[in-house]
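K.L.:
Encoded as structure tokens, here's the structure I'll be asking about.
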Amino acid sequence: MAELVSLDVVNFKQELARIEKEAIELANSDIELQAEYATNQLRVVTPVDTGEARSGWELEKYGNNLTIVNDVEHVVYLNNGHSKQAPKYFIEQVLQTIGLITPK
């Protein structure tokens with residue numbers, strides 16, 4: 001005859017909330033690492049003349065939101081293929097390769 005095992009979970013709801021919080025923190029940490037990596041990779045592949053566009057990449061953090069930005073006006077033209085140093089849509093290619101965006 002098989003013996004039964006019995007366990008009592010003390011403060012089950014509290015423990016479940018702790019596990020959920022830990023899982024969210026781990027996921028956010030992974031997303032932040034990916035965003036930092038993407039920002040660095042965008043710096044690497046951005047065409048260079050004066051270096052202004054390359055140095056314009058920043059990762060902005062607002063609470064739980066992360067945004068990769070480049071406020072340099074001509075980065076749009078570079079991304080549209082106006083440089084022979086990088087292919088057209090190099091920004092999207094980097095983000096897709098890393099997995100931060102998916103192709104349509």
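The values are calculated or read from the model by the stated rules, or taken from the named source; none is laboratory data. This is a predicted model, so every value here is computed, not measured. Every residue, glycine among them, receives a Cβ derived from its backbone with ideal geometry; neighbour counts consider all protein chains shown.
K.L.:
Kindly provide the set of residues from the stretch 28-69 that are among the hydroxyl-bearing types (S, T, Y), free of Cβ contacts under 8 Å to residues at least 40 places away in the same chain and within 19 Å of S83 (Cβ to Cβ), ordered by number.
P.N.:
Those that are among the hydroxyl-bearing types (S, T, Y), free of Cβ contacts under 8 Å to residues at least 40 places away in the same chain and within 19 Å of S83 (Cβ to Cβ): T50, S55.
Residues are listed down the side, and each one gets a yes or a no for (1) at pLDDT 95 or above; (2) in contact with a His (Cβ under 9 Å, 6 or more places away or on another chain); (3) polar (S, T, N, Q):
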| position | (1), (2), (3) |
| --- | --- |
| I24 | no, no, no |
| L66 | no, no, no |
| V75 | yes, no, no |
| T97 | no, no, yes |
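K.L.:
Given the condition in contact with a Leu (Cβ under 9 Å, 6 or more places away or on another chain), without any contact (Cβ under 8 Å) to a residue 12 or more places away in the chain, surrounded by 12 or more Cβ atoms within 10 Å (Cβ to Cβ) and among the basic types (K, R), answer yes or no: does some residue in the stretch 79-102 qualify?
P.N.:
Step one: filter the stretch 79-102 for residues in contact with a Leu (Cβ under 9 Å, 6 or more places away or on another chain), giving 85-86, 90-91, 94-95, 101.
With the extra rule that they be without any contact (Cβ under 8 Å) to a residue 12 or more places away in the chain, the set shrinks to 101.
Okay, now just the ones that are also surrounded by 12 or more Cβ atoms within 10 Å (Cβ to Cβ), so 101.
Okay, now just the ones that are also among the basic types (K, R), so none.
Among the residues of the stretch 79-102, not one is in contact with a Leu (Cβ under 9 Å, 6 or more places away or on another chain), without any contact (Cβ under 8 Å) to a residue 12 or more places away in the chain, surrounded by 12 or more Cβ atoms within 10 Å (Cβ to Cβ) and among the basic types (K, R), which makes the answer no.
K.L.:
When the residues of the stretch 4-18 are filtered to those that are loosely packed, with under 10 Cβ neighbours inside 10 Å and among the hydrophobic types (A, V, I, L, M, F, W, C), which remaining residue is nearest to E60 (Cα to Cα)?
P.N.:
By that ranking, first place goes to F12.
K.L.:
From the residues in the stretch 31-56 that are of a type in the set (D, E, K, R) and surrounded by 12 or more Cβ atoms within 10 Å (Cβ to Cβ), which one is modelled with the lowest pLDDT?
P.N.:
E32
K.L.:
While we're on this one: Across the stretch 57-78, which residue is surrounded by the fewest Cβ atoms within 10 Å (Cβ to Cβ) among those that are under 30 Å from A27 (Cα atoms) and either polar (S, T, N, Q) or in contact with a helix residue (DSSP H, G or I) (Cβ under 6 Å, 6 or more places away or on another chain) (or both)?
P.N.:
Here is the first cut: in the stretch 57-78, the ones under 30 Å from A27 (Cα atoms) are 57-71.
In the following step, the residues that additionally are either polar (S, T, N, Q) or in contact with a helix residue (DSSP H, G or I) (Cβ under 6 Å, 6 or more places away or on another chain) (or both) were identified as 57, 59, 64-68, 70.
Values: W57: 21, L59: 16, N64: 9, N65: 7, L66: 18, T67: 10, I68: 17, N70: 22.
Result: N65.
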